[in-house]
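Down below is the structure, laid out as C-alpha cells.
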Amino acid sequence: MRALVTGATGFIGSHIADTLYRRGFDVRCTYRSSSNLRWLKDKPYELIETTLFDFESLSEAVKNVDYIFHSGGQIAARNYDEYLKANRDGSLNLFKAAIANAPALKRFVYISSQTVAGPSQSLSQPYKESDLCHPITVYAKSKREAEIELLKLQKELPLTIIRPSAVIGPRDTAILPLFNLGSKGILVLIGMGKKFLNLIHVKDLAESTVDAALSSNTTGNIYFIASEQPYSWNEIMDCIKKISKRKFSLKVKLPHFFVLSAAGAFQLYCKIINKVHPFNLDKGRDFIQKYWTCSVVQAKKDFGFCQKMSLEESLADTVNWYKENKWI
Ligand SMILES: NC(=O)c1ccc[n+]([C@@H]2O[C@H](COP(=O)([O-])OP(=O)(O)OC[C@H]3O[C@@H](n4cnc5c(N)ncnc54)[C@H](OP(=O)(O)O)[C@@H]3O)[C@@H](O)[C@H]2O)c1
C-alpha cells in the first residue's frame, strides 16, 4: 500500500507519515521549495516537490497511491483570501488531481479542524459532527469552505474528514510558548472564569486518522478526533506544574481585554514588518472562548477510536521531547 502525505514537513503531517511507515505503508510526501525537511530527512520516504497549485506535479504526486492524507494547510495568513487560496482552493486542486490521476484511490483524508464548528455553548453540549458550524475566525472559515467544496465532490472519490481538537506533542511549535513559560514556573490562565477544551496527543491523532482511513464505515463522514473528555485550563496548568517539578510557580490570570489588546497589537506589528504569525486578533478571540469542546462518540462507534494517552502522559511526553531537543 502506498500513501501520499501533504504537510509532512509540518507537525501533524510528519507524525501521520511516521505512523503510516510504522504500519507498513510506502510513504510519499510532498514538500515546497521553501520547506524545512528536518522531520523527513534520513527517512525512507519518497519526496516530491510541488505546491497545491501546480496541477502537473500534483498529478505526478497522486499517481499510484492508495491513500491520500491531506494535512498541508495554512495556519497563518495575512487575510481571508490567503487562507481561502491555500486551504480551500489548494485542497480542491489536490482532490481534482486525484480524481484525474488516482481513480482507484481507497480514501482521501482531509485534515480539517475542530475550529470549523466553533466554540460550544456549554460544557454539557460538546459539538457533534451533525451540528451546524459557526466558525469564528477567518482561518476556521477557510477550513470549513474546504470541507464544503470537498463534500460536493465526494461522489468522485471516497472522502473522510478529520477535525482534530487542539493537538500537542513532539515537534509542535504552536503551543510551545505556553510550555516555555510553564517550565519557568509561569502558568498562564485566560480570563477570570473557568475555560474548557479538548486536547489530543499527536500520536493518538495520527494513529486514529490512519484507522479512520482504513475503516469501511467512515466514507463520506466527518469525525472529531479529540480527548474523550474536555480538560479545564486549570487542570492543564496544574499538570504542567507537576511535570516541571518546580517548587515555586505562579498562576497568571490574563483578562480578556489584555489578551485581545496584545493580539491586536502583535497583529499590527506583524503587518508593519510584513510577517505572518499565527498569534493575531483571531487567535485572541479563540483563546477567550469558554468551551472548545467536542464529542468523539461517532469516531468510537464507527472505527473504534480510543484515546490512549492521558492528559498527564501527553503533556509529559511533549515536555520531555522539548527538553531533549533543547526547545525549552
Ligand atoms: N496543530 C493543531 O493543533 C491543529 C489542530 C487542528 C487542525 N490542524 C490542521 O492540521 C493541519 C496541519 O497543521 P500543523 O499543526 O501540522 O501545522 P504546521 O506544522 O504549520 O504544518 C503545516 C504544513 O502545511 C504546509 N503548508 C502550509 N501552507 C501551505 C500552502 N499554502 N501550500 C501547501 N502547503 C502548505 C506546510 O509546509 P511548509 O513546511 O512548506 O511550510 C507544512 O507542511 C493544518 O491543515 C491545520 O489546519 C492543526
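The values are calculated or read from the model by the stated rules, or taken from the named source; none is laboratory data. Every value quoted in this text rests on a predicted model; they were computed, and no experiment measured them. All Cβ positions, even for glycine, are placed from backbone atoms using ideal geometry, and neighbour counts span all protein chains on display.
List of remarks:
Rundown of residues vs (1) at pLDDT 95 or above; (2) touching a Pro at 6+ places or on another chain (Cβ under 6 Å); (3) in a helix (DSSP H, G or I), yes/no style:
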{"site": "LYS141", "(1), (2), (3)": "yes, yes, yes"}
{"site": "GLU145", "(1), (2), (3)": "yes, no, yes"}
{"site": "ILE148", "(1), (2), (3)": "yes, no, yes"}
{"site": "LEU157", "(1), (2), (3)": "yes, no, no"}
{"site": "ILE161", "(1), (2), (3)": "yes, no, no"}
{"site": "PRO170", "(1), (2), (3)": "yes, no, no"}
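- The residues of segment 187-205 that are in contact with a strand residue (DSSP E or B) (Cβ under 6 Å, 6 or more places away or on another chain) and either at positive phi or among the β-branched types (Val, Ile, Thr) (or both), listed by number, are VAL188, ILE190, ILE200, VAL202.
- Neighbours by Cβ (under 7 Å, 6+ apart or cross-chain): first from segment 111-122, farther than 14 Å from LYS283 by Cα; second away from the ligand (no atom under 14 Å from the Cβ) and acidic (Asp, Glu): ALA117/ASP131
- Within segment 26-59, restricting attention to residues that are assigned to a helix (DSSP H, G or I) and among the small types (Gly, Ala, Ser), the residue that is nearest to the ligand (Cβ to nearest atom) is SER57.
- Every test in (1) closer than 22 Å to ILE161 by Cα; (2) more than 10 Å from the ligand (Cβ to nearest atom); (3) under 21 Å from the mean Cα position of the chain (by Cα) is passed by ILE16 save one, and that test is (2).
- Residues being part of a helix (DSSP H, G or I) and either crowded, with 21+ Cβ neighbours inside 10 Å or not hydrophobic (A, V, I, L, M, F, W, C) (or both) - total across segment 60-112: 20
Rundown of residues vs (1) at pLDDT 95 or above; (2) touching a Leu at 6+ places or on another chain (Cβ under 6 Å); (3) more than 7 Å from the ligand (Cβ to nearest atom), yes/no style:
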site: TYR80; (1), (2), (3): yes, no, yes
site: GLY90; (1), (2), (3): yes, yes, no
site: ALA98; (1), (2), (3): yes, yes, yes
site: ALA102; (1), (2), (3): yes, no, yes
site: TYR110; (1), (2), (3): yes, yes, yes
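- Any hit, segment 288-310, residues being assigned to a helix (DSSP H, G or I) and within 25 Å of ILE186 (Cα to Cα): no
- Lone unmet requirement of (1) within 30 Å of ALA316 (Cα to Cα); (2) part of a helix (DSSP H, G or I) for CYS270: (1)
- Among all positions in segment 167-183, there is at least one residue which is within 15 Å of the ligand (Cβ to nearest atom) and within 23 Å of PHE108 (Cα to Cα).
- Residues of segment 11-25 that turn out to be surrounded by 18 or more Cβ atoms within 10 Å (Cβ to Cβ) and part of a loop (DSSP other than H, G, I, E, B), as a count: 1
- Where ARG28 falls short, out of the listed (1) farther than 30 Å from GLY264 by Cβ; (2) surrounded by fewer than 17 Cβ atoms within 10 Å (Cβ to Cβ); (3) among the basic types (Lys, Arg): (2)
- If you go through segment 149-166 and keep only what is away from the ligand (no atom under 12 Å from the Cβ) and either closer than 16 Å to SER244 by Cα or in contact with a helix residue (DSSP H, G or I) (Cβ under 8 Å, 6 or more places away or on another chain) (or both), you end up with GLU149, LEU150, LEU153, GLU156, LEU157, LEU159, THR160.
- The residues listed here are PHE279, PHE266, PHE287, PHE305; of these, the one that is on the phi < 0 side of the Ramachandran plot, touching an Asp or Glu at 6+ places or on another chain (Cβ under 9 Å), of a type in the set (Phe, Trp, Tyr) and surrounded by 15 or more Cβ atoms within 10 Å (Cβ to Cβ) is PHE305.
For (1) surrounded by fewer than 13 Cβ atoms within 10 Å (Cβ to Cβ); (2) part of a loop (DSSP other than H, G, I, E, B), each residue gets a yes or a no:
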{"residue": "LEU189", "(1), (2)": "no, no"}
{"residue": "LYS194", "(1), (2)": "no, yes"}
{"residue": "ALA206", "(1), (2)": "no, no"}
{"residue": "GLY220", "(1), (2)": "yes, yes"}
{"residue": "PHE224", "(1), (2)": "no, no"}
{"residue": "MET237", "(1), (2)": "no, no"}
{"residue": "LYS247", "(1), (2)": "yes, yes"}
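- Any chance SER130 is among the small types (Gly, Ala, Ser), away from the ligand (no atom under 14 Å from the Cβ) and assigned to a loop (DSSP other than H, G, I, E, B): yes
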